[in-house]
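Just below is one structure, and these are the notes that go with it.
What follows is calculated from the coordinates using simple rules that are stated; it is not laboratory data. These numbers come from a predicted model, not from an experiment. Note: ideal-geometry Cβ built from the backbone for every residue, glycine included; neighbour counts use all protein chains shown.
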Amino acid sequence: MSLFERFKEGLTTNTSSSKSNVTSIGSLDQDVLEVTSQTRSQDFWKLEAELHDYLLEELKRHPGQNKEEEKQKIEEWGQVFFDQSGGRLTFEEKQEILNYVENELLAYGPITPLLENPFISEVMVNSFDEIYYEKNGKILRSTINFVDNQHVMRVIERIVSPIGRRVDESSPMVDARLPDGSRVNAIIPPLALKGPSLTIRKFSDTPFTINDLIRFGTLSVDMAEFLDICVKSKLNIFISGGTGSGKTSTLNVLSSFIPNNERIVTIEDAAELKLNQEHVVSLESRPPNIEGKGQISIRDLVRNSLRMRPDRIVVGEVRGAEALDMLQAMNTGHDGSLSTGHANSPRDILSRLETMVLMAGFELPVKAIREQIANAIDVIVQQTRMKDGTRKVTYITEVLGMEGDTIVLQDIYLFNETGLTNDGRIEGKFTSTGIRPKFTEKLEMNGHALPASWFVGEW
């Protein structure tokens, strides 16, 4: 019995237990938001400033501690401070001030509770007093605020400095990442008119597995096992989807199917992929320095990776001229490559790839570009963020080749939407088109049989 079949058997039991867990953590989240939404008095800010300065001096006097040790010391020193200056504060008020200062010193200020909440997937700071977050696919406004624009700037500096990035008037936009891999984008005045803006797309400390995607309803068990076989058989797979559709999470899951004995080179703008294989080289692009020099682009890294003897090349996202180098790599023996791109359908991603190849500056005939694409890509996985906030793999499509000047596609699996539930959730089912893929023989030559039950469906 395969991993997917065993998971399928335990799906019903796991769902009921996970629902109860959701309720408990969800209520905890509401408590956190309510506490942080209270209107704070001048006395609060005065005591917060005094405690902040006191703890900062203590930390300077005791350097060289790791984060856990610093956290423990802050708790101890905080109690000493409150014994001397706490006045008539209640235990809850003292704890709130201490948590606030601890987040300022060791984390990311007021938005730390949002970042630590497992049910919040994105945090959006439009200005110091306007913060939104995405929870369970819905965007909600938070009652949490920063003190002022300088407060937001301090948090942005704390995020970008450790990874060698900068943000100032000469470079007012920056892409960065948190230690857990969460993606960060910051843009400041004069480009951001309302003040510094910060967008953080969170990533879990423990990456999603294929079983997680099945449980979320992103794809079916048959689709999951089919993609597992495609990755192991070294088919070139391109994941297409809109912003926030879950492309990177799916790329991370598909990358986990790569056998442990293969050498993997990952290439990203901000390192997000977390692979458990032993033989992994992770590369990250670099923006220009303050003099406008020293930039290393994704295209440079793709070219360099070809000299690193990779068995697999995984590009986090193709969005420019690097598409040409990626397609050439796929066509010159680097089978099993994986990548993602922004598009709304499998046909759209082919058009976007044509445009990106032309961005490389070569005046290639359109037919030649399409032949490169048709020969390079075997499977397109289309992922969509639905109206209710859920993410679905809506197409698994095979690239058959050229017919005249047109690239021929064949859908293998689809998500058919059937309606809405009373609470606004989308209903539907994953179905096969009933057609076996053309590359079936290649999969079977690699020792993977395709059960007939996978391809029972309506045309």
> When the chain is fully extended, how far beyond the present Cα-Cα distance does LEU364 get from ARG307, taking 0.36 nm per residue of separation?
Replying inline: 18.0 nm
> Quick one: Karplus J couplings for segment 412-424, per residue in order, coefficients 6.51, -1.76, 1.60, θ = phi - 60°, nearest Hz, x for Gly and Pro?
Replying inline: 9, 10, 9, 9, 9, 7, 10, x, 10, 7, 4, 8, x
> Where does the charge balance sit around LYS392 when Lys and Arg score +1, Asp and Glu -1, over other residues with C-beta under 9 Å from its C-beta?
Replying inline: +1
>> Relative to 2.2 N^0.38 Å, what does the C-alpha radius of gyration of segment 118-204 come to as a ratio? Two decimals please.
In response: 1.05
> What net charge do the residues around GLY361 carry, taking every other residue with its C-beta under 15 Å from that of GLY361, with Lys and Arg at +1 and Asp and Glu at -1?
Replying inline: -3
> For the chain, which span is the longest to avoid every loop-located (per DSSP) member of GluC sites (Glu not before Pro) having at most 16 other Cβ atoms inside 10 Å?
Replying inline: 1-168
> With no solvent and one point per C-alpha, what does the Debye sum give as log10 I(q)/I(0) for the chain at q = 0.05, 0.06, 0.14 Å⁻¹?
Replying inline: -0.22, -0.32, -1.39
>> Test of understanding: what is the full-extension gain from SER161 to GLU417, defined as 0.36 nm times their sequence separation minus their Cα-Cα distance?
In response: 87.6 nm
>> Using amide H atoms built in the peptide plane, which far-off residues or other-chain residues are under 5 Å from LEU420 H to H?
In response: GLU427
> For the residue pair SER351 and LEU59, what label-to-label distance in nm results when each label sits 7 Å from Cα along the Cα-to-beta-carbon direction?
Replying inline: 5.1 nm
> Normalised by the number of residues in the chain, what is the relative contact order in percent for Cα pairs under 8 Å and 6+ residues apart?
Replying inline: 10 percent
> Which distance in nm do the two modelled labels at ARG263 and GLU371 give, with both placed 7 Å along the Cα-to-Cβ direction?
Replying inline: 3.1 nm
> What does the helix-only formula give at 222 nm for the chain: each DSSP H stretch with n ≥ 4 adding -39500 (n - 2.57), the total divided by the residues, and the result rounded to the nearest 500 deg cm²/dmol?
Replying inline: -12500 deg cm²/dmol
> If you plug each phi of segment 356-366 into the Karplus form 6.51 cos²θ - 1.76 cosθ + 1.60 with θ = phi - 60°, what whole-Hz ³J(HN,Hα) values come out, in order, with x for Gly and Pro?
Replying inline: 5, 5, 5, 5, 6, x, 9, 8, 8, x, 4
>> Students often forget the sequence filter, so: which lysines lie under 18 Å Cα-Cα from LYS46 once same-chain residues fewer than 8 apart are removed?
In response: LYS94
> So who's got an amide H within less than 5 Å of the one on THR394, skipping anything under 5 residues away but keeping other chains? H placed 1.01 Å off N, in plane.
Replying inline: GLN382, GLN383, THR384
